[in-house]
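A short worksheet on the structure shown next.
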Amino acid sequence: MEPLVQFFFNLLPFLSDWPEWLALTVIGVAAAIMMFGFIAIFALIAIWLERKISGHMQDRLGPMEVGGWHGWAQTIADTVKLLVKEDIIPEKADRPLFKLAPMIVFTAALSGFAVLPWSSEFIPADLDVGLLYILSISSFAVIGILMGGWSSNNKWSLYGAMRGVSQVVSYEIPAALALLAVIMSAGTMSMRGLVMAQSGNILDWNVFNFFPLTTIAFFIYFIASLAEVNRTPFDLPEGESELVGGFHTEYSAMRFAFFFLGEYANMFVVSAIAATVFLGGWLPPFEALGFIPGPLWFVGKALLLVFVQMWLRWTLPRLRVDQLMYTCWKVLTPFSMAIILLIGLWKVL
Amino acid sequence: MRQYFKNIYEAIATILVGMGVTWRHLFTRAVTIQYPHVKRTLPERSRMQLFVEMDDCIGCMACERACPVDCIEIKTVRGGKDEDLGQTSNGQKKRLHVVQFDIDMGKCCYCSDCVFPCPTGAIRMTPEYEFITYDRSTLLTKFATYSPEEISELEERERKEKEAQAAAKAAKLKAAEEAKKAAAGTDEPKSE
């Protein structure tokens, strides 16, 4: 937690005079609220953007009325609607689990933010095993999905949850292996260290470092991360045409909104990991552009990947279950294995 | 093995083609019409709200009879003997006061069957489609221009006329009967 504490001490010098436990608590709560605020604002903008992009890709306009300019306040209105809606819990549902599930999904998404390096100074927790932490915490969300699907006591929810579990668990392997390739070349698992290892211009970034091996690793990670956050074309857990709404069929009002918020936060987290590990995190592509602050580069790269996620969503249809498993076990996993092998050889020789 | 790599190549290639298509469409002009702000004018012959040109209506009730859902209700009063009710636009002489011409648009099924039998082209369907209301009763459109006083006056006149006619008829009948009787009186012995 040191870089974050240092950041806050520099920002507000009087904090260092307080007893340590109080200062740390205040800083922790402040950081958590900041991250939550960021997720909320990001989800508001991203949902609006997704609607606009989907609309324009289908030659429509998307939301146009609420708030005046191109319907910018549509998501705010929808959030208010979800807040005031009735919270329905099915009679035969397992109530404690039903209530816990959206919290777990959202918490898993929020905890991912703990190790994202926004800039060289601002990183909530610079863990030595940051990447490992984020991989393990993101697979935590699958428990929430299974919990939600099971406790709803609804066949569609259960089907969705089972699909979600099989999908997320299998796609973690190519995702982790693709990241492992980069960890091997950089020699560190700390998010900050990974970015530091890419300093220089755009050609020193990990995507172009062991060209074309890490480039393929980047694409493998991107595809696998799409599956991990249940985005189209891998949105089988919530495939509305066959499973009503999948694991969140029975959820309404704010509990549903938290699933949604968790999905969008996860989209940002996986894009931010890809940006950190492969695209040089907060570093500008050229030294000459160093005057633009790091967090802007970091958020910009992550948003670019989020845009590509949306772009793919409105381009591709949903995969079949067997195609999903084929892609994971017969294509992505062997390729990432081969990449690890080749990069290992390269490093040894 | 070759097939395996071919499949992967084809998957990547087709995904890129698809992404190209969506990227192009991202910048093509949307076909949406922002309805309440921009309205598309409907074709002249669209079958929307009914309209009746009362100056042309001769009260023949052809439309009322043709209507499959009985949404038209017409009441007429005969015009006076030397009363001039004017002419329709196609030169037909009007002989009836159309004192009531109600169309319930809530019942209308937009079949346009009332339009074809009209001999003067008074009833027609218009492209006007925005007539939703908060109350169903407001969908009942009254086209007749007569005030209630005028209607009662006309009806009173008709009633009196009918009475007079009936009286005349009765008198005529009576006269005929009497004439018959008189004739019968003379022929009585013969028939026996």
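The values are calculated or read from the model by the stated rules, or taken from the named source; none is laboratory data. These figures come from a predicted structure and were not determined experimentally. No Cβ is skipped: glycine too gets one built from the backbone with ideal geometry, and neighbour counts run over all protein chains shown.
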For region B:72-86, give me the residue count where each residue is surrounded by 15 or more Cβ atoms within 10 Å (Cβ to Cβ), acidic (D, E) and either within 14 Å of chain A (Cβ to nearest Cβ) or assigned to a loop (DSSP other than H, G, I, E, B) (or both). 0
Which condition number in (1) closer than 17 Å to A:A272 by Cβ; (2) at pLDDT 80 or above is the one that A:V142 fails? (1)
So which residues in region B:138-170 are among the polar types (S, T, N, Q) and in contact with a helix residue (DSSP H, G or I) (Cβ under 7 Å, 6 or more places away or on another chain)? B:T145
Scanning region B:58-98 residue by residue, those small (G, A, S) and touching a residue at least 60 places away in the same chain (Cβ under 8 Å) turn out to be B:G80
Looking at region A:232-250 only, could you name the residues that are in contact with a Phe, Trp or Tyr (Cβ under 6 Å, 6 or more places away or on another chain) and under 22 Å from A:M103 (Cβ atoms)? A:P237, A:H248, A:T249
Tell me which residues, restricted to region A:20-34, are surrounded by fewer than 19 Cβ atoms within 10 Å (Cβ to Cβ) and in contact (Cβ under 8 Å) with a residue 40 or more places away in the chain. A:A32
Give me the residue from region B:6-44 that is surrounded by fewer than 10 Cβ atoms within 10 Å (Cβ to Cβ) and more than 10 Å from every other protein chain (Cβ to nearest Cβ) and, out of that set, farthest from A:W69 (Cα to Cα). B:E44
Looking only at region A:301-323, count every residue that is away from chain B (no Cβ under 13 Å) and surrounded by 15 or more Cβ atoms within 10 Å (Cβ to Cβ) and tell me the total. 6
Only one of A:L132, A:L49, A:L110 that is at pLDDT 85 or above and assigned by TED's automatic domain parsing to the domain that holds A:F7: A:L49
Can you tell me how many residues within region A:270-307 are hydrophobic (A, V, I, L, M, F, W, C) and in a loop (DSSP other than H, G, I, E, B)? 6
Let me confirm something: among A:T333, A:T315, which residue is polar (S, T, N, Q), outside any helix (DSSP H, G or I) and in contact (Cβ under 8 Å) with a residue 24 or more places away in the chain? A:T315
Scanning region A:283-298 residue by residue, the ones that are touching a residue at least 24 places away in the same chain (Cβ under 8 Å) and surrounded by 14 or more Cβ atoms within 10 Å (Cβ to Cβ) total 5
Residues that are within 15 Å of the chain's Cα centre (by Cα) and in contact (Cβ under 8 Å) with a residue 60 or more places away in the chain: find the helices (runs of 4 or more DSSP H) completely inside region A:66-159 holding 2 or more of those. A:95-112, A:130-138
Which one of the conditions (1) more than 12 Å from the chain's Cα centre (by Cα); (2) assigned to a loop (DSSP other than H, G, I, E, B); (3) exposed (fewer than 14 other Cβ atoms within 10 Å of the Cβ); (4) more than 9 Å from chain A (Cβ to nearest Cβ) does B:V69 fail to meet, given that it meets all the rest? (1)
